[in-house]
């Protein structure tokens with residue numbers, strides 16, 4: 001489940017837009033708020049499922065992409081080590097977007113997309 005900051009105006013996001021956000025190609029929401037993507041740790045099962053669904057890349061291939069961006073002076077998305085940490089971050093950081101393993105919408109965030 002892809003979640004976003006509750007401060008964002010109503011918005012939707014496609015898989016292609018998510019790929020652009022997490023590959024640091026889309027940096028602002030329609031209201032000009034900066035996008036702040038957050039990832040789970042590389043060993044996380046939910047991160048693996050997210051990477052396959054959105055990028056059609058393995059977490060390793062995606063990590064290599066972000067390593068190349070580092071050489072260009074761009075920082076990869078922040079990492080949180082649990083769904084609860086992602087929820088807390090997204091609830092409290094304007095413009096934040098993340099993904100969690102959940103069947104029901106958690107309180108205090110906007111659900112943008114449900115992943116298979």
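The values are calculated or read from the model by the stated rules, or taken from the named source; none is laboratory data. Everything numeric here is computed off the predicted structure, so don't read it as measured data. All Cβ positions, even for glycine, are placed from backbone atoms using ideal geometry, and neighbour counts span all protein chains on display.
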Worksheet item: Taking region 1-48 only, how many residues are more than 17 Å from residue 79 (Cα to Cα) and touching a helix residue (DSSP H, G or I) at 6+ places or on another chain (Cβ under 6 Å)?
Response: 2
Response to the item:
Counting only residues in region 15-42 that are farther than 24 Å from residue 92 by Cβ and touching a residue at least 12 places away in the same chain (Cβ under 8 Å), the one surrounded by the fewest Cβ atoms within 10 Å (Cβ to Cβ) is identified as 15
Worksheet entry | Search result, residues across region 54-113 that are assigned to a loop (DSSP other than H, G, I, E, B) and within 19 Å of residue 19 (Cβ to Cβ) | 55, 56, 57, 58, 72, 74, 75, 76, 77, 95, 100
Practice prompt. Determine which single condition residue 47 fails, assuming it passes every other condition in (1) closer than 17 Å to residue 110 by Cβ; (2) surrounded by 15 or more Cβ atoms within 10 Å (Cβ to Cβ).
Written response: (1)
Worksheet entry | Yes/no for residue 42 being modelled with pLDDT under 90 and closer than 18 Å to residue 82 by Cα | yes
Item to complete: Hey, can you tell me all the residues within region 31-48 that are part of a helix (DSSP H, G or I) and either on the phi > 0 side of the Ramachandran plot or within 13 Å of the chain's Cα centre (by Cα) (or both)?
Response: 46, 47, 48
Item to complete: Only one of these is surrounded by 17 or more Cβ atoms within 10 Å (Cβ to Cβ) and at negative phi: 77, 6. Name it.
Response: 77
